[in-house]
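J.: Before anything else, here's the structure in question.
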Amino acid sequence: MRITVVGDLLLDVDINGAATRLSPDAPVPVVDVADIRRRAGGAGLVATVLARDGHSVSLVTAVSDDDGASHLRRALAGVEVLAGAPLAPTPTKTRVRIGTHPVVRFDQGCAPAPVPTITGKMLAAIASAEVIVVADYGRGITANQAIRSALADAAFRVPVVWDPHPAGSKPVPGVAAVTPNLSEALAAANAGGLELARAEAEQAGRHLMGTWQCNAVLVTKGEDGAVLLEESAVTSIPAPPTTVVDPCGAGDRLAGSLAVYLGLGLELPQAAARAVEDASGFLARGGAAALAEAPEQSPAVERDELPHAHAGHHHPDGPQLAKAIRGSGGTVVATGGCFDLLHAGHARTLAAARSMGDCLIVCLNSDESVSRLKGKHRPIVSVEDRAELLLGLECVDAVVIFGEDTPAACLQDIRPDIWVKGGDYVPDELPEAQVMAAWGGRCVTVPFQPARSTSGLAAALAKVG
């Protein structure tokens, strides 16, 4: 089934660990981190779940250009992402757990965002869909008037299921079903002038049907199931008994399943009942946390297992290491240069680069390349020795040698998430910026180390000689 998901992307981060002692600084637990997992949240979770079900999924959303966005793109493998221009940072929700018990959640970049721009491909994905799920998380995608018009047109042709958000936009008229949870339904009804008690899901749903001009409202109530409100019918839907460790993602699973069943031709009551069952099963299997990528851990590579580099070809370990790190959900960092006469400025730049991710791969100019760039008297140190010295630094995980004047081809092989340069550069103006942008990577700079340069050392050696 060809499904289009329209909505806002979030990055969910789970930090899992154990706590056996209190901090000496304050009476708070010290969490020994076991692993860090990242996953797509919001509309990204809906798209991920449906893609894993075997459907062809297009995601109409907005994606930023920061580090969080690079994690999202990896998490959305298998989903066609059609994104508007980045207008706000990636909203990130980080949950810290001790065992199965949540301790705290940190939210970053979750301030109100401007309405994102859109593209023709985004509108075409809505127009060609067989089923549409709107996952509104209040980040502005459903406030775009062109998107709203496309959704309103689609609602007359195909099933559209709208999962609302208190900070989001009003559903367009004519959608097949809107799926608020009980607190969202009560809040929306109260905002419309009603004063309802918590038990009055039916009254809230009935009011919202008229306000939202939709065909049905499915109010979900957690372990108590759901209430389906149609024009002339009310259906109570029980939820199967389920042991729930983490309820995160239940609403996303329900909305996606409901849309699929409606697309298959099931009547609303039957489709809603099966969607509630799917949501319960989803939670029983661990919920959204079970969909996270593998723990973010660098491969256990012993330093003496790294073979020495040889001039004239790429060090084979670099691309392999990058692939392994990406596969485990980590961040690949790369930097480059001649590194002729390694000095303290180099070491500080390399250490700063390594701190930005889970591995650091150095793109190293070959001897021939250094001679073309620096003159016939350079390099002073051969490429074999330069590579060995770099690999001797704890912060360097691999070296890749290139013979061209620029590391463009080398970067294509590694496809790092971050490219680091030292000095007073503007990141977006670096020659590598355009290459990195091809896969969503970004360029950053670290402070220049004054009075430390290879040229200065070379000049001093010449005087001594």
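The values are calculated or read from the model by the stated rules, or taken from the named source; none is laboratory data. Bear in mind that the values here come from a model prediction, so they are computed numbers and not experimental data. Counting neighbours? That spans all protein chains shown, and the Cβs are built from the backbone with ideal geometry, glycine included. Just the protein is used for accessible areas: all its heavy atoms, side chains included, with ligands, DNA and RNA removed. Shrake-Rupley method; radii C 1.70, N 1.55, O 1.52, S 1.80 Å.
J.: How much area per residue is accessible in the stretch 311-430 when the probe is 1.4 Å and only protein heavy atoms are counted (Å²)?
T.: 41
J.: Would you mind counting up the charge near residue 126? Only other residues with Cβ under 12 Å from its Cβ, with Lys and Arg at +1 and Asp and Glu at -1.
T.: +2
J.: Separation between the residue 33 and residue 128 pseudo-spin-labels, each 7 Å from Cα along Cα→Cβ, expressed in nm?
T.: So the two model labels end up 4.1 nm from each other.
J.: Which of rounded, prolate, oblate describes the stretch 331-379, given a ≥ b ≥ c as roots of the alpha-carbon gyration tensor eigenvalues and a/c under 1.5 marking rounded, otherwise prolate only if a/b is larger than b/c?
T.: The shape class here is oblate.
J.: Let me ask something else about it. For the chain, with the dipole built from +1 on Lys and Arg beta-carbon atoms and -1 on Asp and Glu ones, taken about the Cα centre, which of 271, 355, 50 lies farthest toward the positive end?
T.: Value: 355.
J.: Shifting gears a bit: So how strong a dipole does the chain carry about its Cα centre when Lys and Arg Cβ are +1 and Asp and Glu Cβ are -1, to the nearest 20 debye?
T.: Here the chain has a charge dipole of around 500 debye.
J.: Follow-up question, since we're still on this one. Could you work out the relative contact order of the stretch 26-153, using alpha carbon pairs under 8 angstrom and six or more residues apart, expressed as a whole percent?
T.: It rounds to 22 percent for the stretch 26-153.
J.: Scale the Cα Rg of the chain by the rule-of-thumb value 2.2 N^0.38 Å and send over the ratio, two decimals.
T.: 1.18
J.: So if I average 1/r over every pair of distinct C-alpha atoms in the stretch 207-269 and take the inverse, what Kirkwood radius in Å does that give?
T.: 13.0
J.: Where Lys and Arg each count +1 and Asp and Glu each count -1, what net charge lies around residue 268 among other residues with Cβ under 14 Å from its Cβ?
T.: Result for the neighbourhood of residue 268: -2.
J.: By how many nm would the segment from residue 65 to residue 224 lengthen if fully extended, with 0.36 nm per residue of separation less the alpha-carbon distance?
T.: 53.2 nm
J.: What is the dipole size for the stretch 5-106, taken about its Cα centre, with +1 at each Lys and Arg Cβ and -1 at each Asp and Glu Cβ, in debye to the nearest 20?
T.: 260
J.: I'd like to know which of 103, 232, 440 lies farthest towards the positive end of the charge dipole of the chain, counting +1 on Cβ of Lys and Arg and -1 on Cβ of Asp and Glu.
T.: Towards the positive end, the residue furthest out is 440.
J.: Report, in deg cm²/dmol and to the nearest 500, the calculated mean residue ellipticity at 222 nm for the chain, where each DSSP H run with n ≥ 4 adds -39500 (n - 2.57) and the sum is divided by the residue count.
T.: -9500 deg cm²/dmol, from helical runs alone.
J.: Let me ask another. Could you work out the relative contact order of the chain, using alpha carbon pairs under 8 angstrom and six or more residues apart, expressed as a whole percent?
T.: 11
J.: Can you give the FRET efficiency to the nearest 0.05 for residue 170 and residue 25, using r as the Cβ-Cβ distance and R₀ = 60 Å?
T.: That pair, residue 170 with residue 25, gives E of 0.80.
J.: Separate question: Give, as a single signed number, the net charge of other residues whose beta carbon lies under 11 Å from the beta carbon of residue 333, with Lys and Arg counted +1 and Asp and Glu -1.
T.: Local charge sum for residue 333: -2.
J.: Could I ask something else about it? Compute the length gained on full extension between residue 377 and residue 56: take 0.36 nm times their separation in residues and subtract their Cα-Cα distance, giving the result in nm to one decimal.
T.: Taking 0.36 nm per residue and subtracting the Cα distance, the gain is 109.8 nm.
J.: For a test of the definition: using alpha carbon positions, the gyration tensor, and the 1.5 limit on a/c, classify the stretch 120-174 as rounded, prolate or oblate.
T.: Prolate, since a/c reaches 1.5 and a/b exceeds b/c.
J.: Run through the DSSP bridge list for the stretch 1-131 and note the antiparallel percent, rounded to the nearest 5.
T.: Counting DSSP beta bridges with both partners in the stretch 1-131, the antiparallel share is about 50 percent.
J.: So which aspartates and glutamates pass the test for residue 376, namely a Cα distance under 15 Å, with those fewer than 8 places away in the same chain ruled out?
T.: Within the straight-line cut-off, residue 376 pairs with 340, 367, 368, 405.
J.: Okay, next question. Probe 1.4 Å, all protein chains in place: accessible area of residue 368 in Å², nearest 10?
T.: Taking all protein chains as shown, residue 368 has close to 110 Å².
J.: Taking trypsin sites (Lys or Arg not before Pro) as candidate sites, keep only those in a DSSP loop with at most 14 other Cβ atoms within 10 Å, then name the longest stretch of the chain containing none of them.
T.: Free of exposed loop sites, the longest segment is 22-156.
J.: In addition: What are the equivalent ellipsoid semi-axes of the stretch 45-134, built from the alpha-carbon gyration tensor (square roots of five times its eigenvalues), in whole angstrom, biggest first?
T.: 26, 19, 11
J.: If you don't mind, there's one more thing I want to ask. Rounded to the nearest 5, what % of the DSSP beta bridges within the chain are antiparallel ones?
T.: In the chain, approximately 35 percent of DSSP beta bridges are antiparallel ones.
J.: Now a separate question. Under unit Cβ charges (Lys, Arg +1; Asp, Glu -1), what dipole magnitude, rounded to 20 debye, does the stretch 71-168 have relative to its Cα centre?
T.: Computed charge dipole of the stretch 71-168: roughly 380 debye.
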